[in-house]
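The values are calculated or read from the model by the stated rules, or taken from the named source; none is laboratory data. Quick caveat: nothing in here was measured; it's all calculated off a predicted structure. Quick reminder, even Gly has a Cβ in these numbers, built from the backbone with ideal geometry, and neighbours come from all protein chains shown. Surface accessibility is based on the protein's heavy atoms, side chains included, excluding ligands, DNA and RNA. Shrake-Rupley method; radii C 1.70, N 1.55, O 1.52, S 1.80 Å.
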Amino acid sequence: AAAADASAAAAEARAARVALEQAQADTPQRASGPPGLAPPDPMGRAFATEEALRSDLPGIAFRVPGTDTQVRLYGFAKLTAAYDLGPRNQTDAPAPQSIPLTGSAADRQGGDFGMTARFSRFGFDTRTLTSWGTLETRLEGDFGGGAPTSSNAVFRLRQAWAELGDERLRVLIGQANSLWNEGVFETLIDATNLNQSFVRQAQIRLTGRLAEGLTGQVSIEAPETAFTSTLGVFSPGASLQGGASPAVSSVPDLLARLTWRQDGVELGLRGILRQIEIRTDGTAAPVAVSETAPGWGVAGHVRIPLRLLWEALGQDEIAAMAFYGDGIGRYFAGQTSGQDALTDLGLPGVTTPGLDTIPSYGATLAYRRFWATTLRSTFSYAYARNDYPSYALAFTPGSASALSLNRETQQVFANLIWSPFAEIRNGSFGSGWLDVGLEYVFTRRDLYGGASAAGSAGTGHGIANRFLFAAVVRF
């Protein structure tokens with residue numbers, strides 16, 4: 001149907017161009033005017049290219065004259081204001097894995113207030129009809145690349161991709177959301193929350209319709225090994241004592257996803273295969289080691305509209321998600337500092353270091369309640385756990401390595417969002433161009449090794465309570 005609509009739109013545009021050419025040919029040229037151009041249209045005359053410029057895309061969009069391409073500008077301006085009851089968290093996007101520990105200096109300082117608009121976003125996308133299907137491109141960014149405590153926002157690239165095909169089969173290349181991504185539920189905060197994944201990276205992706213309502217996807221995506229040792233937390237871009245990083249990525253990540261949708265119900269299943277590698281040749285590591293370890297993970301989610309159980313519940317829905325994996329920490333940056341593995345490299349007496357991927361698992365449950373079409377809330381609870389090898393207890397207490405090992409993490413959300421221009425069309429909710437909301441976030445993390453691992457940095461756990469206000473204006 002989409003292809004038929006696009007073909008009809010293209011035919012309409014071509015007909016409008018022919019009409020314009022005919023109008024120009026039938027209009028006498030003014031001697032003083034530029035040769036070959038028609039004079040200005042008289043008042044009251046219909047603009048011949050009006051339909052040719054009209055776009056099928058929502059928002060600020062137009063057809064490029066003389067082509068089968070449509071262009072759209074989209075985005076939003078967002079203001080977020082947050083107050084921490086304690087401890088002082090000094091970031092507008094607090095990751096659960098790094099909230100200050102109880103008893104730390106930040107905890108003793110108490111909470112504070114902050115405001116930011118740096119996560120405001122804009123982008124361009126295009127649609128072009130070709131003999132191989134529709135070509136869609138997107139270029140998108142925001143200003144979230146700078147320091148969270150600075151008002152000098154730094155632009156960062158979010159999306160840059162092109163996708164060609166139709167609803168039966170499409171191929172995408174460029175930087176886009178990972179197939180592992182899943183937001184699970186609606187929040188106002190700008191952080192990557194517990195059990196949520198918002199990884200954007202270079203990839204080649206294939207998307208196909210397998211059956212009515214069933215979509216299958218596979219992708220080859222950019223890898224990034226991340227592991228922790230007593231010497232520090234390393235990724236390929238990190239430095240070991242001023243030299244090169246021993247974290248190496250030698251093969252891309254392979255991902256796959258199945259999604260089934262019908263009558264508002266959504267079921268999703270995704271999986272990932274990876275390779276984690278440490279290679280100390282050419283680095284300042286105290287001993288030589290070259291090891292690889294496989295990483296893998298599976299996750300599933302379900303979204304159920306409660307009107308299927310009781311019509312009076314309207315647009316209310318329940319969403320649930322669960323995952324299990326080994327060596328997939330970088331896809332859950334909200335709870336593990338992006339760790340995929342641990343190594344005993346650098347520990348006293350270790351002459352043949354190993355590489356141990358980190359088993360991790362967790363679950364999230366959320367309920368979205370519509371008090372009215374224009375007023376809604378989300379309530380959620382998330383839990384995650386990581387299992388570490390026992391030698392991690394020998395990491396220096398209070399060091400960055402020891403403080404990054406969260407054995408368990410929990411998070412609770414409750415919000416209230418007002419969208420005065422929201423409406424429901426054909427059973428689907430649209431929030432309109434304005435959201436204004438309040439949100440409460442509770443987060444707790446417990447270190448592996450407890451107070452012994454924290455040392456003088458605090459107790460073995462951290463608790464954060466944040467209240468925030470946000471206003472989002474879309475265009």
Looking for something closer than 21 Å to Ala333 by Cα and not polar (S, T, N, Q) - is there at least one such residue anywhere in the range 464-473? yes
Flag if Glu140 is open to solvent by 20 Å² or more (accessible area, probe 1.4 Å) and assigned to a strand (DSSP E or B): no
Return the residue satisfying two criteria in turn: it lies in the range 404-413 and is in a strand (DSSP E or B) and not basic (Lys, Arg), and of such residues it is farthest from Asp344 (Cα to Cα). Phe413
Could you please let me know if Ile358 is in contact with a Lys or Arg (Cβ under 9 Å, 6 or more places away or on another chain) and among the hydrophobic types (A, V, I, L, M, F, W, C)? no
Being under 22 Å from the mean Cα position of the chain (by Cα) and buried (at least 18 other Cβ atoms within 10 Å of the Cβ) is the filter; apply it to the range 77-88 and report the residue that is nearest to Ser399 (Cα to Cα). Ala82
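Conditions (1) part of a loop (DSSP other than H, G, I, E, B); (2) among the charged types (D, E, K, R); (3) out of contact with any strand residue (DSSP E or B) (no Cβ under 7 Å at 6 or more places or on another chain); (4) open to solvent by 30 Å² or more (accessible area, probe 1.4 Å), marked per residue:
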| residue | (1), (2), (3), (4) |
| --- | --- |
| Trp180 | yes, no, no, no |
| Glu186 | yes, yes, no, yes |
| Ala191 | yes, no, yes, no |
| Gln203 | no, no, no, no |
| Leu206 | no, no, no, yes |
| Gly216 | no, no, no, no |
From the list Arg88, Arg72, exactly one residue is touching a residue at least 12 places away in the same chain (Cβ under 8 Å), basic (Lys, Arg) and part of a strand (DSSP E or B). Which is it? Arg72
Close pairs (9 angstrom Cβ cut-off, 6 or more residues apart or separate chains): within 13 Å of Thr225 (Cβ to Cβ) and in contact (Cβ under 8 Å) with a residue 60 or more places away in the chain in the range 279-297, in a loop (DSSP other than H, G, I, E, B) and among the charged types (D, E, K, R) anywhere: Ala293/Asp340; Gly295/Asp340
Determine if the range 145-155 includes at least one residue that is farther than 28 Å from Gln90 by Cβ and open to solvent by less than 30 Å² (accessible area, probe 1.4 Å). no
If you take the residues of the range 373-403 that are in a helix (DSSP H, G or I) and in contact (Cβ under 8 Å) with a residue 40 or more places away in the chain, which of them is most open to solvent (accessible area, probe 1.4 Å)? Leu393
Looking only at the range 243-254, decide whether some residue is part of a strand (DSSP E or B), more than 29 Å from Asp387 (Cβ to Cβ), open to solvent by 50 Å² or more (accessible area, probe 1.4 Å) and touching a strand residue (DSSP E or B) at 6+ places or on another chain (Cβ under 9 Å). no
Count - residues of the range 314-344 that are at pLDDT 95 or above and either polar (S, T, N, Q) or in a helix (DSSP H, G or I) (or both): 0
Any chance you could count how many residues in the range 173-193 are farther than 19 Å from Trp296 by Cα and in contact (Cβ under 8 Å) with a residue 40 or more places away in the chain? 10
Please determine whether any residue of the range 396-404 is under 30 Å from His301 (Cα atoms), of a type outside the set (Lys, Arg) and in contact with a strand residue (DSSP E or B) (Cβ under 8 Å, 6 or more places away or on another chain). yes
With the requirement that a residue be acidic (Asp, Glu) and assigned to a helix (DSSP H, G or I), what does the range 290-313 give you? Glu311
Just one of Thr126, Thr102, Thr80 is under 18 Å from Thr443 (Cα atoms), of a type in the set (Ser, Thr, Tyr) and either touching a strand residue (DSSP E or B) at 6+ places or on another chain (Cβ under 9 Å) or in a strand (DSSP E or B) (or both); which is it? Thr102
Which condition number in (1) open to solvent by 60 Å² or more (accessible area, probe 1.4 Å); (2) more than 18 Å from Asp253 (Cα to Cα); (3) not in a helix (DSSP H, G or I) is the one that Thr364 fails? (1)
Go through (1) outside any helix (DSSP H, G or I); (2) of a type outside the set (A, V, I, L, M); (3) modelled with pLDDT under 95 for Ser456 and report which single condition fails. (1)
Evaluate the following for Phe370: is it at pLDDT 95 or above and assigned to a loop (DSSP other than H, G, I, E, B)? no
Let me confirm something: among Leu416, Leu438, which residue is in a strand (DSSP E or B), touching a Ser or Thr at 6+ places or on another chain (Cβ under 6 Å), open to solvent by 20 Å² or more (accessible area, probe 1.4 Å) and under 26 Å from Asp142 (Cβ atoms)? Leu416
